[in-house]
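First the structure, in the form of structure tokens, and then the observations on it.
Quick note: the coordinates plus some simple rules give every number you see, no bench work behind them. Because the structure is predicted, anything quoted here is derived from the model rather than measured. Quick reminder, even Gly has a Cβ in these numbers, built from the backbone with ideal geometry, and neighbours come from all protein chains shown.
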Amino acid sequence: MPRDPDPPPAKRFKPGSPFSRLDKKKPGMLLPRAGHAPVNVDAQRKQLPIYQSRTQLINQIRQLHSAVFIGETGSGKTTQIPQYLYEAGIGRQGIIGITQPRRVAAISLAARVAEEKKVQLGKLVGYTVRFEDVTSSETKLKFMTDGMLLREAIGDPLLLRYTVVILDEAHERTVHTDVLFGVVKAAQRKRIEQNKIPLKVVVMSATMDVDLFSQYFNKSPVLYLEGRQHPIQIYYTKQPQSDYLQAALVSIFQIHQEAPASHDILVFMTGQEEIEALARTCRDISKHLPESCGPMTVVPLYASLPPAQQLRVFQPAPKVPAAPQTLTPHAEPVLALTCCLCFTGVQEGGSLHKHRRNLHHYLRHQIRDRHGDGESQTLQSRCNLASVILQLLALGVPDVLNFDFMSKPSPESLRTAVEQLCILGAVDRKDDHVSLTPLGKKMACFPLEPRFSKTLLISPDFSCAEEVLTIISLLSVDSVLYNPPARRDDVLAVRRKFISSEGDHMTLLNIYRAFKKVSGNKDWCRENFVNSRNMGLVLEVRAQLRDICIKMNMKLESSLSDLTNVRRCLAHGLFMNAAELQPDGSYVALDTHQPVAIHPSSVLFQAKPACVVFNELLHTSRCYMRDLCLVDAEWLQEAAPEYFRRKLRATKS
Ligand code: CDP
Ligand code: MG
């Protein structure tokens, strides 16, 4: 597609538009654009800003134990540095591990590097993410999520298989990253003390705010990389926009009217609902524009869209794709509009970076300055650390409450995390000493949130392990339900046959069973608005969880048509997420006594169940419970009598 060689001029943003030119970042070393002709990957590698600094960089890193490395996004840090190290023979005795906060990034980066090295993915270059291991004994460049390296450290606290660990995207810090940094730092120190092959640590970031990393890794030197692949001009709104959707719309249509027709616009939104809503509005408005404006093609893009629909963004056409905030654009010359908002999950018992289904709360955060307002610290202190603590204990960290976190979580959140694990029966606490119970040890073997691993572990007592495996797998991937808003009525009509009056978990179970009955037939998926790709992931996740169960000699039985046991098992595992109907028809969460409501997406939305357990709380205008299961109040009592006695006392006092 031909492109205007000039960046958008400042005058494009008229007075009255929310955008104005505030800062023109120094473009650094400008490189010729690759254009759209097929370019071979070797030539592309040589065009990257990092290529010029290659020799110098290798020499510096060779001499250092730890280094912090800064360079603009797209300059080639992630794909090139591991290759440079490998090619220079640094760390050849072991594996060069590169950690990523996001699963998709780990996968696509490994694929890209394998392509550049002209090897089959899984051989020299591979990746491991939760529920997927594409590596072999030959793998020397290994991309992985933060969580996976942490998990490996459980069996190998000195990370002896690795000679280099690259902690990438360090600016996107999560609780996982923080713990990982601590574990890597300890491994590095102990390997020196024990005269083992040293572990090189490279921290990489796209932002300048790296003092903390440098300090933490024994004041390691900070290396800067100049330059970026494409010129970028940044425009900011003059004032904070309270109605950012409106502001985005105004800007979209202004650009659409003024920019050449070949220009694409990429708009980042916070999630599926917002993307669909904006796409609808854009389509409506574009129908009423004068013909001189040219046509507008609007293409939504988010993870739960079927793959074929996601690929539409790559088809050439004038368009306004809308994408979730987390998608990193590749350094292409497009006009990107971002509202600087994202959903940040704050969840009970897990890391921030788990996919949305695992997030317990959603909070909408206005990011004023992602580079330095301490966002991650505040998020972290609000985030429940239960699953992190469980992992640390499984790693053999002796004194979890005094672990060397890069930024310490508040004592209060640490206490809450430990208390939750106590209630779940995963840990014992005597004064300041916290230790794993036999149940906790088993729980740590599953790559799941503590409450889910507990539910799975107790499922044999209710003779329904097969069903619980299915339900937990369904909850561990992005939604298997595909809900195109334009076809709402059709969706409701076909879904009716799966709906269970016992709640969302049982409804999902029905859908899974129907899917299995037709052996995952693609037409069936399309007719029933089931996302077949995500269902495929469910099957994989389930198979892997089932393997772990088998290794633990768990008795895997099916409760067949009687689902009472399954619900009872969920009540026993998720009792901390329970709510009860009040005389006035509202609901109250039993743990916190806060008012909660049934989310409209739940099959129980129209019903008035007396007592439910739920998966997550969604904080918007109200506090909504998502994914509900009908339970008996007695089951909750039998699951945790002491806990509910205490809750009752708390309400009375
Ligand atoms: O890490 P950093 O943001 O500095 O850059 P990178 O991820 O190493 O990407 C360097 C270049 O590799 C990008 O500009 C893309 O041209 C290419 N790349 C790609 O084609 N596919 C990927 N999955 C990642 C990178
Ligand atoms: Mg990178």
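Here are some notes:
- Protection proxy ranking, peptides 50-59, 288-297, average beta carbon neighbours within 10 Å, highest first: 50-59, 288-297
- In terms of packing, defined here as the mean over residues of other Cβ atoms within 10 angstrom, the peptides 642-652, 585-595 line up highest first as 585-595, 642-652.
- Across the stretch 152-165, coupling constants 3J(HN,Hα) worked out from phi with the 6.51/-1.76/1.60 Karplus curve, θ = phi - 60°, read 5, 5, 4, x, 9, x, 8, 6, 5, 6, 9, 9, 9, 10 Hz, and Gly and Pro carry x.
- Residues in the stretch 500-514 carry Karplus couplings, in order, of 10, 5, 8, x, 6, 4, 5, 5, 4, 4, 4, 5, 4, 5, 5 Hz; the curve used is 6.51 cos²θ - 1.76 cosθ + 1.60 with θ = phi - 60°, and Gly or Pro positions show x.
- Within-13-Å neighbourhood charge of Val41 [Cβ basis; K, R +1; D, E -1]: +2
- Taking amide H positions as modeled 1.01 Å from N, with prolines and chain starts lacking one, the residues under 5 Å from Leu266 and 5 or more places away or on another chain are Leu335, Ala336, Leu337.
- Order by protection proxy (mean Cβ within 10 Å, highest first), peptides 414-420, 445-451: 445-451, 414-420
- The stretch 450-652 shape via C-alpha gyration tensor axes, a/c threshold 1.5: oblate
- The H on the amide N of Ile98, modeled in the peptide plane, is under 5 Å from the matching H of Lys142, Phe143, Met144, Ile166, each at least 5 residues off or on a different chain.
- Per-residue ³J(HN,Hα) for the stretch 606-614, Karplus 6.51 cos²θ - 1.76 cosθ + 1.60, θ = phi - 60°, Hz, x for Gly and Pro: 7, 8, 10, x, 6, 8, 9, 10, 9
- Potential lengthening between Val588 and Ser519 on full extension [0.36 nm per residue; Cα-Cα distance subtracted]: 20.7 nm
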